[in-house]
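Some notes on the structure that comes next.
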Amino acid sequence: MRRAGKKSIIGGLLALSLVLAGTGYAYWTDTLNVTTRATTGDFSMMFADLGLYAQYGNETLPSGWSVVDGIGDSGYVDDSFFMRGTSDYNKIAKDGSVDAYKERQKGYNNVDFNAELVNADWIPKNVGVYTTANTKGSDQIVLEINEMYPGYAQAFRTDVLNVGSIAAKLSSIKFEMKGLECSGAAEDMLGIALYMDGEQYSPKKIEGTRVFKLVDSLASEGDYFTVGGVHFMRLSALKKLSDREIRDVIENATILCSPATDNRMDLFLAVAMDPDAEGVYTTGSTEVMANNADADSQHKSVEVSISFLWDQFNVGKDAGNPNYLVKQNKTGKR
């Protein structure tokens, strides 16, 4: 037998080394994976179902009024005059009723009024009876009343809907006077009444839950006057309210989100001018003459901006006690 030379041995050693290297490279592997998916919701409040007061039977009172104008024996338009019902949530009054009022007022006054949802569009989410197919909404309302006079008052109503995906909390209401041309008598004679309450019919019927009462909660004697049995806060008193004062008197401020509930809020608003028969700001009546100038409250104008400020329902809340993940918190030590 021929002996293997040195060259052959070296070649065999190289081949063995390659085989061993190949076995070490082919180890088994496995992988675990966690995929986290998250989306953000939306936070959205809207006005809807704007109307001249009152639109529904449950908003009326015996001998209640929608407009106080001094015309006729009663001196007011009853609160069913503009009642529209549920035929169309996008009308401010029933057909023909505004024209009927214009006919009534001929020769007595030249008051002109309007209520409008600015840039109204279909609501993005169903809230109870209000659906994406039958209800328009907006985040701004413009109410306009022109040629008012002492003793005139008019009321409006609207719903506030939560069309977002998270509950909302009414945190404050901000009153701002813009383009104020009235001062002194006019500022004292013009007033606002504002009331908000909560309602829902599903899953449990809840009506008339107090949210905000402007005059009852915030007005002192002398800050308001009365028309048609309703107290109106004078603009001169309204503009002095602080944010803290308003925040402190808001109650039951949360509107839950649909579809689990149709929770929403009713908002009632009226504007009036003090009759002032006693002549505190005007000359009064011929029976009680005062040495004041009626011109101080004539030919004046004012724009009152009312902003409803909303936070998400859990603002300011913290769970407080940590869970096990506290162990990964930064401690400042390495």
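The values are calculated or read from the model by the stated rules, or taken from the named source; none is laboratory data. As the structure is a prediction and not an experimental result, all values here were calculated from the model. Using ideal geometry, Cβ is built from the backbone for each residue, glycine included, and neighbour counts are taken over all protein chains shown. The protein model used for the area step is the full one, side chains on, heavy atoms only, and it has no ligands, DNA or RNA in it. Shrake-Rupley method; radii C 1.70, N 1.55, O 1.52, S 1.80 Å.
For segment 165-250, a simple Cβ point-charge model (Lys and Arg +1, Asp and Glu -1, everything else neutral) yields a dipole of about 380 debye relative to the Cα centre.
Ordered from largest to smallest accessible area (heavy atoms of protein chains, 1.4 Å probe), the residues Tyr149, Tyr130, Tyr89 come out as Tyr149, Tyr89, Tyr130. The residues Lys125, Lys178, sorted by heavy-atom accessible surface at 1.4 Å with ligands and nucleic acids left out, run Lys178, Lys125 from largest to smallest.
When the C-alpha to C-alpha distance is required to be over 26 Å, the pairs from Lys94/Lys178; Lys169/Lys239; Lys106/Lys300 that qualify are Lys94/Lys178. Quote the FRET efficiency, to the nearest 0.05, computed for Asp216 versus Ala319 with a Förster distance R0 of 51 Å and r equal to the Cβ-Cβ distance. So, using R0 = 51 Å, E works out to roughly 0.90. What's the local net charge at Gly228, with K and R +1, D and E -1, over the other residues with C-beta under 12 Å away? So the surrounding residues net to -3. Full extension of the chain between Glu303 and Asp30 yields a length gain of 91.2 nm, computed as 0.36 nm times the residue separation minus the alpha carbon distance. Each listed q (0.06, 0.07, 0.13 Å⁻¹) maps to a log10 I(q)/I(0) for the chain, found by the Debye formula over equal Cα scatterers with no solvent: -0.34, -0.42, -1.05. Rg over Rh for segment 204-334 works out to 1.21, using Cα positions for both radii and the Kirkwood form for Rh. Cα-based radius of gyration for segment 128-259, normalised by 2.2 N^0.38 Å, reads 1.21.
Working from label points 7 Å from Cα in the Cα-to-Cβ sense, the Asp243 to Val326 distance is 3.4 nm.
Between Lys333 and Lys102, the simple label model (points 7 Å from Cα in the Cβ direction) yields a spacing of 8.2 nm.
Between segment 278-322 and segment 33-93, the C-alpha centres lie 22 angstrom from each other. Helical content alone sets the calculated 222 nm signal of the chain at -4000 deg cm²/dmol, taking -39,500 (n - 2.57) per DSSP H segment of four or more residues and averaging over every residue. Legend: residues Leu143, Leu32, sorted from most to least accessible area (1.4 Å probe; ligands, DNA and RNA excluded), read Leu32, Leu143. Extending 7 Å from the Cα toward the beta-carbon at both Asn109 and Ala38 defines two label points whose distance is 5.6 nm. With R₀ set to 30 Å, the beta-carbon distance separating Ser285 from Glu116 gives a calculated FRET efficiency near 0.25. Taking Cα atoms, how many degrees apart are the long axis of helix 6-25 and the longest axis of the chain, rounded to 10 and kept between 0 and 90? The helix 6-25 is inclined about 20 degrees to the chain.
Here segment 32-170 exposes an accessible surface that is 48 percent carbon and sulfur, computed with a 1.4 Å probe and the other protein chains kept in place.
For Cα pairs less than 8 Å apart in space and 6+ apart in sequence, what is the mean separation divided by the residue count of segment 253-334, i.e. the relative contact order in percent? Walk me through the intermediate numbers first.
Working: 41 pairs, mean separation 10.6, N = 82.
After rounding, I find 13 percent.
For a straight C-alpha distance cut-off of 13 angstrom, the aspartates and glutamates reachable from Lys125 (same-chain residues fewer than eight places away being disregarded) are Asp42, Asp262.
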